[in-house]
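Please read the structure below before turning to the comments.
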Amino acid sequence: MSTAAPKRQTSLRPADLVFSGAARVAGILILVALAAVAVFLLAESVPALTADPADLPRSPSSFWDYVVPFAFGTVWAALLALLMALPLSIGIALFISHYAPRRIAQTLGYIIDLLAAVPSVVFGLWGATVLAPLVRPFYVFLSDNAGLLPFFSGQVSGTGRTILTVAIVLAVMIIPIITALCREIFLQTPVLHEEASYALGATRWEMIRMAVLPFARPGIVSAAMLGLGRALGETMVVAMVLSPAAVISIVLTGSQNPNTIAGNIALSFPEASGVGVNALIATGLVLFVITLAINSIARYIVNRRKAFSGAN
């Protein structure tokens, strides 16, 4: 005689059907929008990719000679910003989640969230009018004392509006994003893991190092890639702060600074015409591919530790 319990057939209520259908449509719309953007960029880029290089802006030897300096500047500025923002964001998030008293943590968390809502044009004005003159003496100090390094060699910019200044402003812009995500991930660490560390005699920092950070590592990667994506596509800060040139240079304090793809589009599009417009759209396609590749790599890293992730 079989003792297996009969299967219960559950019927979805109308509200459940409506919600599941709306969620499915929303997911499909995201894919459709992404595909539409990709098709538009591809279609509008073909004339620039097949045109005579002499018809392109600056008359390069090929389209890739035209776009490579902008792609380098985009990745260079974003990586510098991430290098500065990530340690600060992790430190702030740990202070809010594990060190600060509740009232201070709530206030600081509110300020961080509010900073993320500041428009980029405000950051651009602050960077061009306040930060650039303020950091120029520091650039002079770096050039005088660390000029043997290629990053600080050559003549210092007279205005302070360099790629390093842009990176600092970008870092300030992405710190709230990374901090907010890391804070939530740190708070998701299982309490049993933390209590087990304390039971073994660990200090608070040892508990964070052994329990919190390993659990949150995939989430930190996701937060960092989200901030990097924001830095890669930022336009107004680059256009307002930087005095750019179509060069490939790793000097951080000089007057010859590489431009970014987004900044070049913002500065050149109003005066572009004909194949020049297609060339700018083609550089947008390159930025689209760079962003997609970086996010795909981040997704792969997160999926490697999906079972232990605080971000899945």
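The values are calculated or read from the model by the stated rules, or taken from the named source; none is laboratory data. Values in this document were obtained by computation on a predicted structure and should not be read as measured data. When we count neighbours, we look across all protein chains shown, and the Cβ atoms used for this are built from the backbone with ideal geometry, even at glycine.
Restricting Thr159, Thr74 to those that are closer than 25 Å to Leu232 by Cα, among the polar types (S, T, N, Q), touching a residue at least 40 places away in the same chain (Cβ under 8 Å) and not in a loop (DSSP other than H, G, I, E, B) reduces the list to Thr74. If the condition is being over 14 Å from Thr235 (Cα atoms) and not charged (D, E, K, R), then segment 259-279 contributes Pro270, Ala272, Ser273, Gly274, Val275, Gly276, Val277, Asn278, Ala279. Condition check: among the small types (Gly, Ala, Ser), surrounded by fewer than 20 Cβ atoms within 10 Å (Cβ to Cβ) and touching a Leu at 6+ places or on another chain (Cβ under 9 Å). Does Ser268 satisfy that? Answer is yes for this residue.
Can you tell me which residue within segment 59-87, out of those that are under 22 Å from Thr162 (Cα atoms) and surrounded by fewer than 17 Cβ atoms within 10 Å (Cβ to Cβ), is modelled with the lowest pLDDT? Give the derivation first.
Quick first cut of segment 59-87, residues under 22 Å from Thr162 (Cα atoms) only: 66-86.
Narrowing further to those that are surrounded by fewer than 17 Cβ atoms within 10 Å (Cβ to Cβ): 68, 79, 83.
Values: Val68: 89, Leu79: 93, Leu83: 94.
In this case the residue turns out to be Val68.
Selection of segment 239-268 for residues being of a type in the set (Val, Ile, Thr), over 12 Å from Thr162 (Cα atoms) and more than 20 Å from the chain's Cα centre (by Cα) yields Val247, Ile248.
Assess whether Tyr139 counts as being surrounded by 13 or more Cβ atoms within 10 Å (Cβ to Cβ), within 22 Å of Glu234 (Cα to Cα), touching a residue at least 40 places away in the same chain (Cβ under 8 Å) and of a type in the set (Ser, Thr, Tyr). Working first, answer last.
On the way: surrounded by 13 or more Cβ atoms within 10 Å (Cβ to Cβ): yes; within 22 Å of Glu234 (Cα to Cα): no; touching a residue at least 40 places away in the same chain (Cβ under 8 Å): yes; of a type in the set (Ser, Thr, Tyr): yes.
No; evaluated as a whole, the condition is false for this residue.
Candidates Ala311, Ala298: the one that is outside any helix (DSSP H, G or I), hydrophobic (A, V, I, L, M, F, W, C) and at pLDDT below 80 is Ala311.
Checked against (1) among the basic types (Lys, Arg); (2) within 29 Å of Arg183 (Cβ to Cβ); (3) not in a helix (DSSP H, G or I), Arg58 meets all criteria but (2).
Just so you know, in segment 1-26 the residues that are surrounded by 10 or more Cβ atoms within 10 Å (Cβ to Cβ) and of a type outside the set (A, V, I, L, M, F, W, C) include one that is modelled with the highest pLDDT, and it is Arg24.
Only a single criterion out of (1) part of a loop (DSSP other than H, G, I, E, B); (2) farther than 17 Å from Thr162 by Cα; (3) at pLDDT 85 or above is not satisfied by Leu285, namely (1).
The set of residues in segment 78-125 that are over 20 Å from the mean Cα position of the chain (by Cα) and either at positive phi or not in a helix (DSSP H, G or I) (or both) comprises Ala100, Pro101.
So which helices (runs of 4 or more DSSP H) are wholly in segment 167-269 and hold at least 3 residues that are over 21 Å from Phe288 (Cα atoms)?
Because the criterion is at least 3 residues that are over 21 Å from Phe288 (Cα atoms), the helices (runs of 4 or more DSSP H) in segment 167-269 that meet it are 191-199, 204-207, 213-233.
Go through segment 84-113 and count every residue that is without any contact (Cβ under 8 Å) to a residue 60 or more places away in the chain, closer than 16 Å to Arg204 by Cβ and of a type in the set (Val, Ile, Thr). Matching residues across segment 84-113 total 0. In a residue-by-residue description of segment 239-256, the property of being on the phi > 0 side of the Ramachandran plot and surrounded by fewer than 16 Cβ atoms within 10 Å (Cβ to Cβ) applies to no position.
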